[in-house]
1. For segment 38-59, how many residues are surrounded by fewer than 14 Cβ atoms within 10 Å (Cβ to Cβ), over 10 Å from the mean Cα position of the chain (by Cα) and assigned to a loop (DSSP other than H, G, I, E, B)?
2. Kindly provide the set of residues from segment 2-12 that are within 19 Å of Val63 (Cα to Cα), open to solvent by 50 Å² or more (accessible area, probe 1.4 Å) and among the hydrophobic types (A, V, I, L, M, F, W, C), ordered by number.
3. For segment 13-37, what are the residues that are touching a residue at least 12 places away in the same chain (Cβ under 8 Å), open to solvent by 50 Å² or more (accessible area, probe 1.4 Å), more than 20 Å from Asn65 (Cα to Cα) and part of a loop (DSSP other than H, G, I, E, B)?
4. Please give the number of the condition Thr62 fails out of (1) open to solvent by 50 Å² or more (accessible area, probe 1.4 Å); (2) in a helix (DSSP H, G or I).
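The values are calculated or read from the model by the stated rules, or taken from the named source; none is laboratory data. Just so you know, these numbers come straight off a predicted model, no measurement behind them. Quick reminder, even Gly has a Cβ in these numbers, built from the backbone with ideal geometry, and neighbours come from all protein chains shown. We work out accessible area using only protein heavy atoms, side chains counted, and drop any ligands, DNA or RNA first. Shrake-Rupley method; radii C 1.70, N 1.55, O 1.52, S 1.80 Å.
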Amino acid sequence: MKVYKNEANVDFSIIHDKRPVQLIDLTENCLGEIDYPVNLSKFNNCNNIVLGFEENFGASETVINFIGLK
């Protein structure tokens, strides 16, 4: 997952055109038991975040049930 901050105009090209603030290597997690730490210092003065998903785990569609931020 690619994490971007303070992006005003977003479309799917952001994944290839912009460098993310942080890259998180996701593991398949159907039960939602895994927490992924972020580097908080990279998100100072953050007004919004954009999450970019380039691929899934081989399914025909991607379903995101919950994203929690701490």
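1. 11
2. Phe12, the sole residue that qualifies.
3. Lys18, the sole residue that qualifies.
4. That leaves (2) as the condition not met.
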